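**Q** One structure is given below, represented as structure tokens, and several questions about it will come after.
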Protein chains: 4
Amino acid sequence: MQTESKTAILLMHCPDKQGILAVVTDFINKNGGNIVYLDQYVDRTEKIFFMRAEWELNDFIIPDEKIEEYFATLYAQKYNMDFKLYFSNQLPRMAIFVSKMSHCLYDMLARYTSNEWKVEIPLIISNHPDMQETAKRFNIEYHYFPITKENKQEQEAKELELLKKYNINFIVLARYMQVLSADFITHYEQKIINIHHSFLPAFVGAKPYHAAFERGVKLIGATSHYVTSDLDAGPIIEQDIVRISHKDTIENLIAKGRDLEKIVLSRAVGKHIERKILTYKNKTVVFN
Amino acid sequence: MQTESKTAILLMHCPDKQGILAVVTDFINKNGGNIVYLDQYVDRTEKIFFMRAEWELNDFIIPDEKIEEYFATLYAQKYNMDFKLYFSNQLPRMAIFVSKMSHCLYDMLARYTSNEWKVEIPLIISNHPDMQETAKRFNIEYHYFPITKENKQEQEAKELELLKKYNINFIVLARYMQVLSADFITHYEQKIINIHHSFLPAFVGAKPYHAAFERGVKLIGATSHYVTSDLDAGPIIEQDIVRISHKDTIENLIAKGRDLEKIVLSRAVGKHIERKILTYKNKTVVFN
Amino acid sequence: MQTESKTAILLMHCPDKQGILAVVTDFINKNGGNIVYLDQYVDRTEKIFFMRAEWELNDFIIPDEKIEEYFATLYAQKYNMDFKLYFSNQLPRMAIFVSKMSHCLYDMLARYTSNEWKVEIPLIISNHPDMQETAKRFNIEYHYFPITKENKQEQEAKELELLKKYNINFIVLARYMQVLSADFITHYEQKIINIHHSFLPAFVGAKPYHAAFERGVKLIGATSHYVTSDLDAGPIIEQDIVRISHKDTIENLIAKGRDLEKIVLSRAVGKHIERKILTYKNKTVVFN
Amino acid sequence: MQTESKTAILLMHCPDKQGILAVVTDFINKNGGNIVYLDQYVDRTEKIFFMRAEWELNDFIIPDEKIEEYFATLYAQKYNMDFKLYFSNQLPRMAIFVSKMSHCLYDMLARYTSNEWKVEIPLIISNHPDMQETAKRFNIEYHYFPITKENKQEQEAKELELLKKYNINFIVLARYMQVLSADFITHYEQKIINIHHSFLPAFVGAKPYHAAFERGVKLIGATSHYVTSDLDAGPIIEQDIVRISHKDTIENLIAKGRDLEKIVLSRAVGKHIERKILTYKNKTVVFN
């Protein structure tokens, strides 16, 4: 964000060993890369080393298309690293899945349109026609796939085809009220971000505001997480809460919750776009 | 708190009807009471009216010992009210149950000793000897009742006897690590306040910080609630949370949690002491 | 919100006297109004009584157009009340003033378009052409009034004319980067809502994020308030904060601040639309 | 905290250069130190590198008493480092200055007594006799130095003598209502932690809750900071806020503020004890 030069971004984790950070920064430095971001974290219980490095490519002597190979050959194998390499000029391509509610959708499209996010959003997919008009306002293609028990497999196949056609890298479920099949999810592992309208793991599943109201909680929450085949049980990216009181009706909870949901979801999506999230053992490491 | 005069405090709820607030305020006004606090709330779904009124007794023409009778006869029966009457000069008497952890205990004793709370704390009960020394620092009696499966019934009977002897009105479980029997609870219904170290209903039961760590949540919480025979399921009085990150170990969660627990518990106890909490249908109405 | 019937909303304050609440509720009840909302607050230091009442008009025996007169004659004069009466079917008409930043604008237009707010927004006014396109997306008229020292008086006169023509009831400054003249403000006293991008009264005036960064604060805030002729000194409606750290650059503060600003502004505007705000002595009473 | 072995802690900052982190970690690793904590931060605007490293000394080949010399000679001069070295078994020695309010004092003494903090507190100093009794409860020496304009210089000299005698490393002002002289402060630069009962820089100086009430803010705050000769203007360590409403009297603000103050102060003191704070240009870098 601070730099206009083209940068490379390395996200990686590996078994912790002395000097790994030095090895990686040395690789960047000695080949002419100017580091503009570096953060690392060691899980001392699991003995795992995580890092994110970003460096300017102006004077980097390894050609872009060779960096991945060189890094894999010289370091990744040796240190048993799991890594991903991105380039700042290759914007991630995101699809939004939506149903009937517009608040998360608007929040993301506003960020997109005002260039707050370095992302491409070529595609909105829905199981309802309601948001067609909104998509049109922002000149984004809208594809309507009504889902029934009978046609679910078939429709998901068409959706996957479309996602492939548009080179979609990751999917955001913006209050998409339809459970994705386990098979669908395997095509986008750790690449589907959902917003659940409760403070997970409290109130898993349907109607969490109603459940929160019934239980008489004094705070309500929202949780964004990567989708896994276990409902509402994937790695949590971001959570937040808002205070309520006995005066709040279910309608108030839903209204207050909308603001929570959109902010919590957009924070998570923003971090994903910036390639600042690593997942490990059903948890996330989210760098600042 | 704002007034030094002796006051009466009325806490009540009843089926909502037009004019009930007027009836009650009229009763106070026309008999010479000067209202210093009035708050009301109507649950429009359940059609229940809740109120708290506090008035100065200087010029009130009904003698203190007759107010309850008069109010019951003239209004409570007629409007099917459930009410309680307190006097500001009759300090509630509180017992603290504690195990081995001191943070909630210290927080409450500091408030008590510095007269932040208008309460009497004549008694600390524990299933461990560890906090004896702390009790002594504050000159409060400490009774040690070790609990085993075999002696639980017998020990609880002794505790109840002691609580009765000391005219204890309500009990605070300050991280008391021992489940009270259903029978014990019946003696202090809606009068036992517990602190649970999670954002209920997430992580009910033992070791919630370990469970939160495993789940990879981004916020941890604490919940104070009245104790019912359902574990961690009684009416919630107060909740709060603190942000954590992937960097936090279980030890960090426990440390951050301690600060949450003591503040959340003390807020709830403070409201109870001020007689600002009404319970209804396993929920609380907490007035400001 | 809970009722579909047409309602009347009374907002009022007056010197506190015994029985005022009873007088007003009695007026509503005995004339056939069904109260669906009632909240009151007494400032015991200033001895001022504030209330908001809302009642259904189906069976109310006083004709709508006579309620104000009757209430004024029968009660307001007698009790020295300052009151306003609204009808739920008369939607308030709001104009948005904007400059170059879109985040607050989008947030409000999304709420408007999705019927979250019961309001009419016929008009957007700007001192820059940048948001023209956004206005068009939502089919709202956009009027561009470039302001210089020389033409300010003249341009404001035109703006006022336009506002009058469109029967605008209140104005929202959505990061409008141009100080309104004292004269302009007199036409919309307590009817212009601004968002200031700091935790007022810290960092009054220009570039508050830069000032916050310089000072090394650990939280940044946003404040929505009614505009008075004193810069950033009008009655505060809502404030909130977000945590920052030494890692955050000014760019990060600005980005995190955007989310704060739009939520804090929209909360304030929402309360204003619901007619839940009373102002008194440069402060607000905001009902739940 | 995770380790029982004796550790060394290095806190340092220097002009940012490529490879500094590698140099320092290499120094630790190659001499047999096992790193248990490592965090670094680069201020890319100021081009300053900050780090905190902690390593076990069991197999470290440089004797404890030589580490500082070796590090200074081999690296600190070369890289223009400003560094401090601590050992985990040398507990910092803290003095508390207090006036008449007990809440911060109790909070800290409870943490100290329960071994939450790895610190020694041999001494409490006060300008009032009120907290004598509290000090006695915790068996800590209490020295009473009444301060007048006339005797201030003389009394501060005696205090400094006492602090020296007890080898005090840092001072905590626990709502100490007496401004320290600039001369006094020079003896403990960046070593005096104060709690100010507002969200600085709002409401500098006396009676911030009264000022907050007057201004009608919707949140109140507390700020812990290092003391400099500029009143309430030193580097901020930690801040937090709590929500208030029009219903809160000044007394309520003061009561709610007490809980904020003690938690915010204790968080700052805890970080200082853990040697996790670096100061630079009137700001703090606070490691997790």
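**Q** So D:Asp107 fits all but one of (1) surrounded by fewer than 20 Cβ atoms within 10 Å (Cβ to Cβ); (2) of a type in the set (Asp, Glu); (3) touching a residue at least 40 places away in the same chain (Cβ under 8 Å); what number is the exception?
**A** Among (1) surrounded by fewer than 20 Cβ atoms within 10 Å (Cβ to Cβ); (2) of a type in the set (Asp, Glu); (3) touching a residue at least 40 places away in the same chain (Cβ under 8 Å), the lone unmet condition for D:Asp107 is (1).
**Q** Going by the structure shown, is B:Phe83 assigned to a strand (DSSP E or B) and in the same structural domain as B:Met12 (by TED's automatic domain parsing)?
**A** It is true that B:Phe83 is assigned to a strand (DSSP E or B) and in the same structural domain as B:Met12 (by TED's automatic domain parsing).
**Q** Considering only residues of the range D:183-220 that are hydroxyl-bearing (Ser, Thr, Tyr) and over 25 Å from A:Arg243 (Cα atoms), which is farthest from the other protein chains (Cβ to nearest Cβ)?
**A** D:Thr186
**Q** Find the residue count for the range C:102-134, including only residues that are within 15 Å of C:Tyr176 (Cα to Cα) and of a type in the set (Gly, Ala, Ser).
**A** So the count comes out to 2.
**Q** Residue under question is D:Thr228, and the condition is that it be β-branched (Val, Ile, Thr), in a loop (DSSP other than H, G, I, E, B) and within 15 Å of C:Gly216 (Cα to Cα); does it hold?
**A** The answer is yes for D:Thr228.
**Q** Can D:Asp26 be described as within 10 Å of another protein chain (Cβ to nearest Cβ) and either surrounded by fewer than 16 Cβ atoms within 10 Å (Cβ to Cβ) or closer than 17 Å to D:Tyr75 by Cα (or both)?
**A** yes
**Q** If you check C:Phe71 against the conditions, is it in contact with a Pro (Cβ under 9 Å, 6 or more places away or on another chain) and modelled with pLDDT of 95 or more?
**A** no
**Q** Give C:Arg275, C:Arg243 a once-over and let me know the one that is at pLDDT 95 or above, among the basic types (Lys, Arg), surrounded by fewer than 17 Cβ atoms within 10 Å (Cβ to Cβ) and out of contact with any helix residue (DSSP H, G or I) (no Cβ under 8 Å at 6 or more places or on another chain).
**A** None of the others qualify; the one that does is C:Arg243.
**Q** Sticking with this one: Go through (1) in contact with a Gly (Cβ under 9 Å, 6 or more places away or on another chain); (2) assigned by TED's automatic domain parsing to the domain that holds B:Ile195 and name the single condition B:Lys100 misses.
**A** (1)
**Q** For the subset of the range B:221-246 comprising residues that are among the small types (Gly, Ala, Ser) and facing chain A (nearest Cβ under 9 Å), which member is nearest to the chain's Cα centre (by Cα)?
**A** B:Ala233
**Q** Kindly list the number of the only condition in (1) hydrophobic (A, V, I, L, M, F, W, C); (2) in contact with a strand residue (DSSP E or B) (Cβ under 6 Å, 6 or more places away or on another chain); (3) in contact (Cβ under 8 Å) with a residue 60 or more places away in the chain that fails for C:Phe49.
**A** (3)
**Q** If I filter the range C:211-218 for residues that are basic (Lys, Arg), without any contact (Cβ under 8 Å) to a residue 40 or more places away in the chain and touching a His at 6+ places or on another chain (Cβ under 9 Å), do I get at least one hit?
**A** Yes - at least one qualifying residue is present in the range C:211-218.
**Q** Run B:Leu11 past the list (1) assigned to a strand (DSSP E or B); (2) within 14 Å of chain D (Cβ to nearest Cβ) and report the number of the one that doesn't hold.
**A** The single condition B:Leu11 does not satisfy is (2).
**Q** Still on this structure, I have one more. Looking at the range B:169-182, can you tell me whether even one residue there is within 22 Å of B:Leu109 (Cα to Cα), touching a residue at least 24 places away in the same chain (Cβ under 8 Å) and of a type in the set (Lys, Arg)?
**A** yes
**Q** Here is a check on your reading of the model: is C:Asp240 assigned by TED's automatic domain parsing to the domain that holds C:Leu105, of a type outside the set (A, V, I, L, M, F, W, C) and at positive phi?
**A** Against the criterion (assigned by TED's automatic domain parsing to the domain that holds C:Leu105, of a type outside the set (A, V, I, L, M, F, W, C) and at positive phi), C:Asp240 does not qualify.
**Q** Here's another thing I want to ask about it. Of all the residues that make up the range C:90-113, how many are in a helix (DSSP H, G or I) and either within 16 Å of the chain's Cα centre (by Cα) or within 23 Å of C:His128 (Cα to Cα) (or both)?
**A** Result for the range C:90-113: 10.
**Q** Let me ask something else about it. Does D:Ser229 count as surrounded by fewer than 19 Cβ atoms within 10 Å (Cβ to Cβ) and either in contact with a helix residue (DSSP H, G or I) (Cβ under 8 Å, 6 or more places away or on another chain) or farther than 19 Å from D:Phe97 by Cα (or both)?
**A** Against the criterion (surrounded by fewer than 19 Cβ atoms within 10 Å (Cβ to Cβ) and either in contact with a helix residue (DSSP H, G or I) (Cβ under 8 Å, 6 or more places away or on another chain) or farther than 19 Å from D:Phe97 by Cα (or both)), D:Ser229 qualifies.
**Q** So which residues in the range A:6-22 are more than 16 Å from D:Gly33 (Cα to Cα) and either surrounded by fewer than 16 Cβ atoms within 10 Å (Cβ to Cβ) or aromatic (Phe, Trp, Tyr) (or both)?
**A** Residues satisfying the conditions are A:Lys6, A:Pro15.
**Q** Also, I was wondering about something else. Which of the residues belonging to the range B:34-52 are outside any strand (DSSP E or B) and either at the interface with chain C (Cβ under 10 Å from one of its Cβ atoms) or at pLDDT 95 or above (or both)?
**A** Matches in the range B:34-52: B:Arg44, B:Thr45.
**Q** Do you know which residues across the range D:14-33 are small (Gly, Ala, Ser) and either assigned to a strand (DSSP E or B) or within 17 Å of D:Asn58 (Cβ to Cβ) (or both)?
**A** Once the filter is applied, which keeps residues that are small (Gly, Ala, Ser) and either assigned to a strand (DSSP E or B) or within 17 Å of D:Asn58 (Cβ to Cβ) (or both), the range D:14-33 yields D:Gly32, D:Gly33.
**Q** Another question, then. So which residues in the range A:71-84 are within 25 Å of A:Asn58 (Cα to Cα) and buried (at least 16 other Cβ atoms within 10 Å of the Cβ), if there are any at all?
**A** Answer for the range A:71-84, where residues must be within 25 Å of A:Asn58 (Cα to Cα) and buried (at least 16 other Cβ atoms within 10 Å of the Cβ): A:Phe71, A:Tyr75, A:Ala76, A:Phe83.
**Q** Would you be able to tell me the number of residues in the range B:247-280 that are more than 8 Å from every other protein chain (Cβ to nearest Cβ), farther than 30 Å from B:Asn89 by Cβ and in contact (Cβ under 8 Å) with a residue 40 or more places away in the chain?
**A** 6
**Q** Then there's this: Does C:Asp64 satisfy the condition of being surrounded by 14 or more Cβ atoms within 10 Å (Cβ to Cβ), of a type in the set (D, E, K, R), within 26 Å of the chain's Cα centre (by Cα) and not assigned by TED's automatic domain parsing to the domain that holds C:Glu274?
**A** yes
The values are calculated or read from the model by the stated rules, or taken from the named source; none is laboratory data. For clarity, every value in this text was computed on a predicted model and none was experimentally measured. Cβ coordinates were reconstructed from backbone atoms using ideal geometry, including for glycine residues, and neighbour counts include every protein chain displayed.
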